[in-house]
Amino acid sequence: MTAHRDHVPDQDEDAADRLEPHAAAAVVDVFVYVVVLNLFVEYLPQVLSETFTLSLLTAVLLKGVLEVVVAAKNRVKARFRQASTPIGKVLAAVLLWVVLFGSKFLVLEAVNLVFGDRVSLGGFFSVTLLILVLLLSRAAVRRLLQRPHQRVQGQG
């Protein structure tokens, strides 16, 4: 005699239906940022965090600051595309440079203001490298976690 089981929905499917995609992506971003930040702490002497808790809080702060920076960058890029005169294009390009260049100082200052000497991201070059690796890692993990049909659609 064979036991018959009714089909019970997989818990993972139910959980996936209830997840809010933006919140899930934000949590994954913070985890990625913690990993990258702690690798920088381990391998770059000028990047310091006194504790793991501080590196986690720094990752949350970086997530917030970088979201603002990316939003500003996207607005300036849209302005550049919409500019119809050479002067408008040049002004938008300068503004884009200011956002990209200034964002490094914004990150350094925000971390210093919130954590003081307990966390240090080094100087301009180390924070530039950190931000670049954070954003590339975030993009790579998001791509890895996409469903296969989303990857195919996104490549068009």
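The values are calculated or read from the model by the stated rules, or taken from the named source; none is laboratory data. Remember, predicted model here, so these are calculated numbers, not experimental data. Cβ placement follows ideal geometry from the backbone for every residue including glycine, while neighbour counts extend to all protein chains displayed. Ligands, DNA and RNA are excluded from the accessible area calculation, which covers all protein heavy atoms including side chains. Shrake-Rupley method; radii C 1.70, N 1.55, O 1.52, S 1.80 Å.
See the values below:
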{"read-out": "Net charge of neighbours whose Cβ lies under 15 Å from the Cβ of Asp117, counting Lys and Arg as +1 and Asp and Glu as -1", "value": "-1"}
{"read-out": "Measure of compaction for region 63-111 (Cα Rg per 2.2 N^0.38 Å)", "value": "1.24"}
{"read-out": "Percent accessible area from carbon and sulfur atoms, region 26-113, protein chains only, probe 1.4 Å", "value": "73"}
{"read-out": "Length gained when the stretch Phe31-Asn112 is fully extended (0.36 nm per residue, less Cα-Cα span)", "value": "27.0 nm"}
{"read-out": "Spin-label pair Asn74/Lys89, simplified geometry with 7 Å Cα→Cβ offset, distance in nm", "value": "2.5"}
{"read-out": "Segment Tyr43-Arg18, extension gain: residue separation times 0.36 nm, minus the distance between their alpha carbons", "value": "5.1 nm"}
{"read-out": "Global geometry of region 57-156, whether rounded, prolate or oblate, following the gyration tensor of its Cα atoms and the 1.5 cut on a/c", "value": "oblate"}
{"read-out": "Accessible surface, per residue, of region 28-106 when the full set of protein chains is kept, probe 1.4 Å, Å²", "value": "61"}
{"read-out": "Two-site FRET efficiency, Ser137 against Phe105, from Cβ-Cβ distance with R₀ of 30 Å, rounded to 0.05", "value": "0.85"}
